[in-house]
Structure formats: C-alpha cells, structure tokens
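Below is one structure, written out as structure tokens; the observations come after it.
The values are calculated or read from the model by the stated rules, or taken from the named source; none is laboratory data. In this text the structure is predicted, and so the values were computed from the model without any measurement. Please note: Cβ atoms are built from the backbone with ideal geometry, for glycine as well, and neighbour counts cover all protein chains shown. Just so you know, the surface numbers come from the protein's heavy atoms only, side chains and all, with ligands and any DNA or RNA stripped out. Shrake-Rupley method; radii C 1.70, N 1.55, O 1.52, S 1.80 Å.
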Amino acid sequence: MAHSISAFRSFHGRRWQQLLASAALLAAATFASAAEPAKDHPLVGRYEGSTMDAFQVKNYDEVGLLREPIQTWGDPKPKPNLLRVAGKVSLYYYHLPEGRSLLEVQRNYEAGLKAKGFQVMFSCGTKDGSCYRKDPDRSEPNTDVSELATVIDTPEWPLIGYGRTYVSTYFESDGRYLLAQNDTPNGKVYASIAFAEGSFRGSFALVRVVETKAMETDKIVFVDASAMQKSLQETGRISLYGIHFDLDKDSIKPDSQPTLDEIAKLMRNNPQLRVQVVGHTDAQGEEPHNADLSRRRSVSVIAALAKTGLDARRFTSRGAGSKEPVAPNTNEDGRAKNRRVELLRL
C-alpha cells in the first residue's frame, strides 16, 4: 500500500508540473476549439455534443494498441501487452459535453462501432479495476487511474491537444478504454479509444483509428558507396534514408544492411576518411527524448560498422534530434525526410 501511495503521489506531482506548464502555454496563446481542423472519421464518428480539440493523421506509422488488462504488479513491473499494427493512423481529441459519464460515452461508442461492423476486442474502466489484472497479493482491485494513463501516454500520442500537453494529464478522476476491430474489404481497421475525466479541462475521448495497409515503397533512392563519396567530396555531407530502426528504439532493422554495407565499402575505399554519424528525428514527441534517441541511434550505426572490422575511432557520433530539419514537419512526407542518418566529413 505504501508503494501505491508513493507512486500515486509521484504521478500526480509530475502531472501537476505538466498542468502548470500547460497553463503557461495557454496564457501565451488562445485556443479556438470552434475552428475544428478535420471531419470525424466516417467509421467512428463522435459523441453527440462533443467538440474536436485536435486532429492529426499520418499516412503510415506503427502503433501499439492495448488489448488486455494491464499487469501492474511484479518486480520488475511487466509491460502491457500491446497489439502492434501499422497503417494510416488518425488521431482525434474530443472534448466531451458536461454532465455525461465516461461509461455512458463509452457504451455509446461501443454501440455505434458495432452498428458499423466492428467487434469489441477489449473494454475496461479504472473505477471497477477492470483495466488491470488482479494482484494475487491484494484483496481489493486496483482502481488507480494513473496506471492506465501511463500506458496510454506513449510517444505515439503526440502533444497536439488542449495546451499541447501530455496525454496522461487528461486523466485525473476516472479513465476508461475501448479497442474494436473491423474487417473491411480494404483491410482491418482498429478503433482505439481512451476516455479521460478530469477537473482541470473536463472530460475527453481520445480516438485513434488505424487503417492497416502496406507501406508505399520505392520512395527513397538507394545511395551506394560511390554516391556517398561524391557527395562528401562536394558538400561534406550525405543524408541516408536506408537505415531503419524499430519504433522509438535504437535497434537497427535487418533491411538496413545494404546501406550499412555501402558505408563500410566507402570507408575501406578511403582509408584516411573520418566521418561523424548524425542521427535525426522528426518533430513528433518531446525534444529531449528525440535528442537522446537520435544520439543512441548514431551510436548503434557506428557499433554495426565496427562489427564489419572498421576502426570505430574513424567515427564520431552526434544526436541532432529534430533541430536540423531538411523539410517541414507539418506533413508525413516532410517528417519522413527529416528522419535520417547523416554522414559528415571530418
């Protein structure tokens, strides 16, 4: 119990700091909720009387969807079991009308989704403890809304809502969740909806729709060793898009090997060449996180090249985060160009 109280206080202490930061942002700029940025998703819609707070769409991305109760006990605490899916990802943040409980809103969404061909895969609430697996050492269920809020608030949920604050700050007194799937002629569609109740800004439905589809390929031209050498000689740098990483991690995907092989070839053909490996991200998420992630990714590239027999001392690493974009971060095409590994001649 002492551990639960400490975790509760720590969570709410962080959340209060986040709320203060959000209030400062709101004092500096007004927000017009009436100017809605997009239409509702045709397969999901909105709860009657809701206003759209924010909207974002990515033509192709990978996300994790909560699909079963969270295990919140154990040492170390196990991670939630997430369903990993990829495709077009649309986010809708709705401010719910006053006087409506989260349970009422959730059941209306469930009925609406079933009417459109969806099957409910998982639904839960925090007040009755159904969002969590039962702890064998506790007689009472876990009803702490912060546990659900922490799982929901991942880097996949951007700071696009009211005051551009963390998703976890929407959850104060209650939280609910719903995951449904629809097998359409064009592929599976998932509706992942988090319901949050709070006194600071009211209640919200955070709707995420994933329309699974194959990623468009052949968008990036493969750069071989000779092209790398030419660019380094002429401009002192070369941007590479053939090195891919697991989502929000520094682990390099196997399909990156051809580009890594070309870098190794370049270095062997030019034994005096020294380069800096720079990691870059798009502007999604917090900059401190992006800077650290890009730095770790640059280190991973150097480690992979060292395994080929190259001297690691010929490389230096740097993480630029999102601070050196080559395209606007306002659309997915621009963000894709900003997510890159760059070689700089030293």
> Only one residue in Phe200, Phe204 is modelled with pLDDT under 90 and touching a helix residue (DSSP H, G or I) at 6+ places or on another chain (Cβ under 7 Å), so which one is that?
Replying inline: Phe200
> Of the residues that make up the stretch 175-190, is at least one in a loop (DSSP other than H, G, I, E, B) and either among the basic types (Lys, Arg) or under 18 Å from Asp53 (Cα atoms) (or both)?
Replying inline: no
> Can Asp292 be described as open to solvent by 30 Å² or more (accessible area, probe 1.4 Å), acidic (Asp, Glu) and closer than 25 Å to Ser226 by Cβ?
Replying inline: no
>> Taking the condition of being part of a strand (DSSP E or B), under 22 Å from Gln272 (Cβ atoms) and not charged (D, E, K, R), how many residues in the stretch 295-321 meet it?
In response: 3
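For Leu43, state whether it is surrounded by fewer than 19 Cβ atoms within 10 Å (Cβ to Cβ) and not β-branched (Val, Ile, Thr). Can you show your working first?
Numbers: surrounded by fewer than 19 Cβ atoms within 10 Å (Cβ to Cβ): yes; not β-branched (Val, Ile, Thr): yes.
Answer is yes for this residue.
Quick check: is even one residue across the stretch 97-117 part of a strand (DSSP E or B) and touching a strand residue (DSSP E or B) at 6+ places or on another chain (Cβ under 9 Å)?
No, every residue in the stretch 97-117 fails to be part of a strand (DSSP E or B) and touching a strand residue (DSSP E or B) at 6+ places or on another chain (Cβ under 9 Å).
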>> For the stretch 59-72, give me the residue count where each residue is out of contact with any helix residue (DSSP H, G or I) (no Cβ under 9 Å at 6 or more places or on another chain), surrounded by fewer than 18 Cβ atoms within 10 Å (Cβ to Cβ) and closer than 24 Å to Ala336 by Cβ.
In response: 1
>> So in the stretch 241-277, with the set limited to residues that are assigned to a helix (DSSP H, G or I) and of a type in the set (A, V, I, L, M, F, W, C), which one is nearest to Asn290 (Cα to Cα)?
In response: Leu260
> Within the stretch 205-219, is even one residue surrounded by fewer than 16 Cβ atoms within 10 Å (Cβ to Cβ), touching a residue at least 40 places away in the same chain (Cβ under 8 Å), of a type in the set (A, V, I, L, M, F, W, C) and under 24 Å from Val63 (Cα atoms)?
Replying inline: yes
>> Any residue that is assigned to a helix (DSSP H, G or I), open to solvent by less than 20 Å² (accessible area, probe 1.4 Å) and farther than 22 Å from Leu247 by Cβ - is there at least one of those in the stretch 329-337?
In response: no
>> So for the stretch 279-287 (the condition being of a type outside the set (Ser, Thr, Tyr), in contact with a Gly (Cβ under 8 Å, 6 or more places away or on another chain) and at pLDDT 95 or above), does at least one residue qualify?
In response: yes
>> With open to solvent by 70 Å² or more (accessible area, probe 1.4 Å) and modelled with pLDDT under 90 as the only criterion, which of Asp75, Asp53 stands out?
In response: Asp75
>> Among the residues that make up the stretch 278-288, is at least one of them closer than 22 Å to Gln233 by Cα and part of a loop (DSSP other than H, G, I, E, B)?
In response: no
> Restricting the search to the stretch 81-127, which residues are more than 20 Å from Phe200 (Cβ to Cβ), of a type in the set (Val, Ile, Thr) and out of contact with any helix residue (DSSP H, G or I) (no Cβ under 8 Å at 6 or more places or on another chain)?
Replying inline: Val85, Val89
> Can you find a residue in the stretch 300-308 that is open to solvent by 40 Å² or more (accessible area, probe 1.4 Å), charged (D, E, K, R) and closer than 25 Å to Ser226 by Cβ?
Replying inline: yes
